[in-house]
Amino acid sequence: MPKKRTIAALLLSFTLLLIFCCVESTRLFLNADRKFEAFTDTLFSQEVSANSITLHYTLCNPSDYGIDNPKLSLGSYPVSSAEIGASAENCLNLLDDIPYQELSPDNQLTWKVLKDSLETTLEGAPYYLYEEPLRPLTGIQSQLPVLLSEYRFYKTDDVDTYLELLGTLPAHFDSLISFEQAKSDAGLFMAAYTADSIIDECNSFLGMGSGNYLYSTFETRLDELEDCDASQKEHYISQNKEMLETYVFPAYQKLASDLTALRETGRNQNGLCYLPDGAAYYEHLVKENTGSGRSIEELQALTKNQMRDDLMAMQKILTSPEYEALAKTSTADGGSGGKPAYEPGSASETAPGDSSGNASESAPGDSSGNASESAPGDSSGNASESAPGDSSGNASESAPGDSSGNASESAPGDSSGAASETSAGLLREFTLADSNPSAILIDLKSKLEDNFPAVPDVDTDVKYVQPEMEEYLSPAFYMVPAIDNTDNQTIYINSGHLPDDLDLYTTLAHEGYPGHLYQNVYYAASEPAPIRSLLGCGGYTEGWATYTEMMSYYFTDLPTEQATLLQRNASVLLGLYALADMGIHYEGWTLIDTVSFFRQYGISDTDVIEDIYDLIIADPGNYLKYYIGYVEFLDLKKEAIKAWGDDFTQKRFHKAVLDAGPMPFYLLKDSVLTP
C-alpha cells in the first residue's frame, strides 16, 4: 500500500489506454463538461480500484460508481521513474485535450487541481526511490492495523473480502521489501536508528498476542451485521483467527526480520540534503506536502515572521499589569504562577535568523489591520491578532491512513514530550467540568455558529488506542469516511500522549470541530466530483486543522491573556519544529546543531531533542504540513481582509475556503479572492 500523495502514482499503461478509449469514443458526442466528467469518473474508478483498502474506505457502494468485481489487492509499489512519468504525462495530454474555457466553474476548478496534481507527480517521478512508506508513527506498519480494525462490514460479502484481503499481506510486504531493497541498492535506505524504531513497532504489534485488537474489533464489527446469524459469526471468528495467525502476524515477523537485514545498509544518518540531489527532492517534497508555492527560503522567512509576532505578543502580556494581577490570582487559586517555557526575552525578539528587527503589527485576521486584544473567535465576528484568527484543527495527510487517504492526525511532534514541557507553568490549570470526549465535541460544535457555516449533523464515535500501541501512534487521528456514507464518523484518541484536559480539548478541536471532521463533513455535503476525494492537499487539511486548533484555546473559559499565552506558545513550538525540519533537511543541521537551536528557546532536554530530530529525519516535511498550512491560512486571511474591506467576516472567509475544498494554496488563493 504505497504512500498515495498524487493521483498518478498508480496509473499504469492499461489504465491510460482505457481512459483514452473512453474519451475518444465520446469526443464527437459530448460537450466539454460531459467529456471531462467521463474522463475524471473513469480515472477515479481506476485509481480507487487499485487498492482494496482505498476502495472500501472511499466507497460504501462501489457498484453505484460503476465498479463491479474489483481485483483484490493492497496495491503495489513503484517499479520505475520512467513508468510513473510516462503515465502522468499521458494523462496530462488527455486532460489538456479537454477545452478548459468551455467547462463550468466547478469543473474548471477540478481541472486545475487535477492538472496540478499530475504535474507534481511528473516533477517527482525522478525521485521515486526517495519516497519512504515506512516511517515511525505514520508509516504503513502503523497505519495498516488501524485501517484493518476500522474496515466496516456493511454486509457479509465485506467480511469475506476482508478475510481474503488478510491473506494478501505477505505478498504486499514482500513487494514493500523489494522496494526497500531497491532503495538500499541506490544508497537511499533509511538510517539504522529509524529502521530500529520501525522494527520495534512491528514487535510491539506482535507482542499483543491474543489481546491484539484485530481479534476484538473483528467481533465488534460482526455484531453490527444484521444478516449474520450466530453460527456464521462463530465461523467467521474462527476464520479471522486463522488468517491473522497464518498470514498477518507472520508477515509482520518477516517484515521486521527483513528490515533487520537491511538496517546497516543506510549510508546517510542525517538530512536529505546529504543525499545526491537530496536538496532538490526536499524542495519538491515540501511543495507537495504543504501546497505552498514558496521557496524554502521564503518559507523560513514566513515561519520566522510568525514566530516573531507570537513572541512579541507573549512579551506584551508578560510585561503587562494585567498579567501580574492574573499571575497573583492564579497562584492564590492554587495555580503554578510560572512563566512559559519560552520566555520571549530569552531568544531573539526577531526570531532566529531575522535581521530586520521589525515585527508586523497587523494581525492575521484583524479587519482593521491592527493588532487586537480580542481572541480569534471573538463573538463580534472580527478576526484578531492574538491568535491565528479563527479555528484550526490533523492528523491527514501524512497520517495513519495516508496511503489510502483515510485518516488525518494530530501533529506527531506532540508526542515528543516537548509540547508538555512548553505547556507547563502557564498560570492556572485548565480543568474540564466534563472530560468525556463526546461532551467536548458537543461543546466545541456549539461555539461555531457565529464564525463558521452550518454543517450537517453526524454521529461520532470516539475510540481509544490500545495501550500497547500508544507509544507507536500519533496523539490522535480522524478516520475519513466513505464519500457515499458520511453519517458515521470516527476519531481515535491516544491517551498516552494527552496528559491533561487542555491537550484533550485542543486535540478534539483539531480532529473534530472545527477541524478535520467538520471540514470533511462540510465539503462532502457540497457533493464534489468523486475525483476530488483523491486530490488531497496535506497543507490544506492539516493547516486547517492546526488553524482551528489554535482558535480552540479561546473557546475555553481561560482568561484571554492566559489563552493567548498558551496559544502563542503552541504556535511557537510548531514553528520551531518547522524551522528544524528545514534546517535538518535543507541546510544540513546535525543533531548537535539541532540541540543548539532548541536550547535558544528553553528546550534543553537532549533526549527530547533527539526524539524530535529522529522523527524529522524519518519523515521529512511532515511537520510543515501542519505549520506552513496554518500560516498560509493566516496569510490568505490577511489578503481577504484587504480585498473585502468592510465586507470581511470570519464566516465569509471560512465559507470561501471550505467551499473550495482541499487544494494547494496557490490555487486556493485565486479561488477565494477572485470575484
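Taking region 486-521 as the search range and keeping residues that are of a type in the set (Asp, Glu) and assigned to a loop (DSSP other than H, G, I, E, B), which one is modelled with the lowest pLDDT?
Top of the filtered list is 500.
Listed here are the residues, each with its yes/no results for (1) over 26 Å from residue 482 (Cβ atoms); (2) over 24 Å from the mean Cα position of the chain (by Cα); (3) of a type in the set (D, E, K, R).
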residue	(1), (2), (3)
131	yes, no, yes
144	no, no, no
148	no, no, no
165	no, yes, no
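Looking at region 556-651, what helices (runs of 4 or more DSSP H) fall wholly within it and have at least 2 residues that are under 30 Å from residue 671 (Cβ atoms) and more than 25 Å from the chain's Cα centre (by Cα)?
Helices (runs of 4 or more DSSP H) meeting the threshold: 622-644.
Quick check on residue 488: is it in contact with a Phe, Trp or Tyr (Cβ under 9 Å, 6 or more places away or on another chain), open to solvent by 30 Å² or more (accessible area, probe 1.4 Å) and at negative phi? Steps first, please.
Numbers: in contact with a Phe, Trp or Tyr (Cβ under 9 Å, 6 or more places away or on another chain): no; open to solvent by 30 Å² or more (accessible area, probe 1.4 Å): yes; at negative phi: yes.
Against the criterion (in contact with a Phe, Trp or Tyr (Cβ under 9 Å, 6 or more places away or on another chain), open to solvent by 30 Å² or more (accessible area, probe 1.4 Å) and at negative phi), residue 488 does not qualify.
If residue 209 satisfies every condition in (1) more than 25 Å from residue 276 (Cβ to Cβ); (2) at pLDDT 95 or above; (3) more than 25 Å from the chain's Cα centre (by Cα) but one, which is the exception?
The number of the failed condition is (2).
Within region 131-162, restricting attention to residues that are hydroxyl-bearing (Ser, Thr, Tyr) and assigned to a helix (DSSP H, G or I), which residue is most open to solvent (accessible area, probe 1.4 Å)?
Of everything passing the filter in region 131-162, 161 is most open to solvent (accessible area, probe 1.4 Å).
For region 443-455, which positions are more than 14 Å from residue 504 (Cβ to Cβ) and under 23 Å from the mean Cα position of the chain (by Cα)? Working first, answer last.
In the first step, residues of region 443-455 are kept if they are more than 14 Å from residue 504 (Cβ to Cβ); the result is 445-455.
Listed by number, the residues that qualify are 445, 448, 452, 453, 455.
Sort out which residues of region 541-572 are more than 24 Å from residue 321 (Cβ to Cβ) and open to solvent by less than 10 Å² (accessible area, probe 1.4 Å), and write them in order of number.
542, 543, 544, 545, 546, 547, 548, 550, 551, 552, 571
So residue 604 fits all but one of (1) open to solvent by 10 Å² or more (accessible area, probe 1.4 Å); (2) over 18 Å from residue 135 (Cα atoms); (3) modelled with pLDDT of 95 or more; what number is the exception?
The single condition residue 604 does not satisfy is (3).
Kindly establish whether residue 113 is within 30 Å of residue 466 (Cβ to Cβ), of a type in the set (A, V, I, L, M, F, W, C) and surrounded by 19 or more Cβ atoms within 10 Å (Cβ to Cβ).
So residue 113 fails the test.
Quick check on region 40-57. Is at least one of its residues assigned to a helix (DSSP H, G or I) and surrounded by fewer than 16 Cβ atoms within 10 Å (Cβ to Cβ)? Outline the logic, then answer.
Residues of region 40-57 assigned to a helix (DSSP H, G or I): 40-49, 52-57.
The next check asks that each one be surrounded by fewer than 16 Cβ atoms within 10 Å (Cβ to Cβ); those that pass are none.
Checked region 40-57: no residue is assigned to a helix (DSSP H, G or I) and surrounded by fewer than 16 Cβ atoms within 10 Å (Cβ to Cβ).
When the residues of region 103-154 are filtered to those that are of a type in the set (Val, Ile, Thr) and out of contact with any Pro (no Cβ under 7 Å at 6 or more places or on another chain), which remaining residue is nearest to residue 177 (Cα to Cα)?
121
What do you reckon, is residue 206 over 24 Å from residue 79 (Cα atoms), in a helix (DSSP H, G or I), aliphatic (A, V, I, L, M) and open to solvent by 40 Å² or more (accessible area, probe 1.4 Å)?
yes
Pairs under 8 Å by beta carbon, first residue over 26 Å from residue 46 (Cβ atoms) in region 515-541, partner of a type in the set (Ser, Thr, Tyr) and open to solvent by 30 Å² or more (accessible area, probe 1.4 Å), six or more apart or different chains?
Here the result reads 517/460; 521/486; 525/486, each pair linking region 515-541 to a residue that is of a type in the set (Ser, Thr, Tyr) and open to solvent by 30 Å² or more (accessible area, probe 1.4 Å).
Could you identify the single residue in 606, 649, 674 that is out of contact with any Lys or Arg (no Cβ under 8 Å at 6 or more places or on another chain), closer than 23 Å to residue 573 by Cα and of a type in the set (S, T, N, Q)?
606
Out of the residues in region 262-279 that are in a helix (DSSP H, G or I) and out of contact with any Cys (no Cβ under 7 Å at 6 or more places or on another chain), which is most open to solvent (accessible area, probe 1.4 Å)?
Residues of region 262-279 in a helix (DSSP H, G or I): 262-265, 272-274, 278-279.
The next check asks that each one be out of contact with any Cys (no Cβ under 7 Å at 6 or more places or on another chain); those that pass are 262-265, 272-274, 278.
Details: 262: 13, 263: 55, 264: 131, 265: 46, 272: 19, 273: 40, 274: 113, 278: 1 Å².
Taking the candidates together, the pick is 264.
Output the residues belonging to region 491-506 that are among the polar types (S, T, N, Q), surrounded by fewer than 23 Cβ atoms within 10 Å (Cβ to Cβ) and in contact with a helix residue (DSSP H, G or I) (Cβ under 6 Å, 6 or more places away or on another chain).
None - no residue of region 491-506 is among the polar types (S, T, N, Q), surrounded by fewer than 23 Cβ atoms within 10 Å (Cβ to Cβ) and in contact with a helix residue (DSSP H, G or I) (Cβ under 6 Å, 6 or more places away or on another chain), so the list stays empty.
Looking only at region 182-199, decide whether some residue is outside any helix (DSSP H, G or I) and farther than 23 Å from residue 78 by Cβ. Write out each step before concluding.
Our first condition is that a residue be outside any helix (DSSP H, G or I); within region 182-199, this holds for 186-191.
With the extra rule that they be farther than 23 Å from residue 78 by Cβ, the set shrinks to none.
No, every residue in region 182-199 fails to be outside any helix (DSSP H, G or I) and farther than 23 Å from residue 78 by Cβ.
Quick one: would you say residue 252 is assigned to a helix (DSSP H, G or I), in contact with a Phe, Trp or Tyr (Cβ under 8 Å, 6 or more places away or on another chain), of a type in the set (Ser, Thr, Tyr) and closer than 30 Å to residue 127 by Cα?
Here the answer is yes, as residue 252 does meet what is asked.
Select from region 507-539 the residues that are open to solvent by 20 Å² or more (accessible area, probe 1.4 Å) and hydroxyl-bearing (Ser, Thr, Tyr) and write down the one among them that is farthest from residue 490 (Cα to Cα).
The selected residue is 526.
When you look at residue 167, is it surrounded by fewer than 17 Cβ atoms within 10 Å (Cβ to Cβ) and touching a Pro at 6+ places or on another chain (Cβ under 9 Å), yes or no?
Criteria not met by residue 167.
Pick from 247, 236, 282: which is open to solvent by 50 Å² or more (accessible area, probe 1.4 Å) and either modelled with pLDDT of 95 or more or touching an Asp or Glu at 6+ places or on another chain (Cβ under 6 Å) (or both)? Show your work before the answer.
Working: 236 fails: open to solvent by 50 Å² or more (accessible area, probe 1.4 Å); 282 fails: open to solvent by 50 Å² or more (accessible area, probe 1.4 Å).
247 is the lone residue from the list that is open to solvent by 50 Å² or more (accessible area, probe 1.4 Å) and either modelled with pLDDT of 95 or more or touching an Asp or Glu at 6+ places or on another chain (Cβ under 6 Å) (or both).
Just one of the numbered conditions (1) modelled with pLDDT of 50 or more; (2) touching a helix residue (DSSP H, G or I) at 6+ places or on another chain (Cβ under 7 Å) is not true of residue 11; which one?
Residue 11 satisfies all of (1) modelled with pLDDT of 50 or more; (2) touching a helix residue (DSSP H, G or I) at 6+ places or on another chain (Cβ under 7 Å) except (1).
Looking for whichever is crowded, with 24+ Cβ neighbours inside 10 Å and either at pLDDT 95 or above or out of contact with any Asp or Glu (no Cβ under 8 Å at 6 or more places or on another chain) (or both) here; the options are 625, 642, 638, 655. Which one fits?
Exactly one residue qualifies, and that residue is 625.
The values are calculated or read from the model by the stated rules, or taken from the named source; none is laboratory data. Since the model is a prediction, treat every value here as computed from it, not as a measurement. Because the Cβ atoms are built from the backbone with ideal geometry, glycine has one as well, and the counts that use them run over all protein chains shown. The area values use the complete protein model at the heavy-atom level, side chains included, leaving out ligands, DNA and RNA. Shrake-Rupley method; radii C 1.70, N 1.55, O 1.52, S 1.80 Å.
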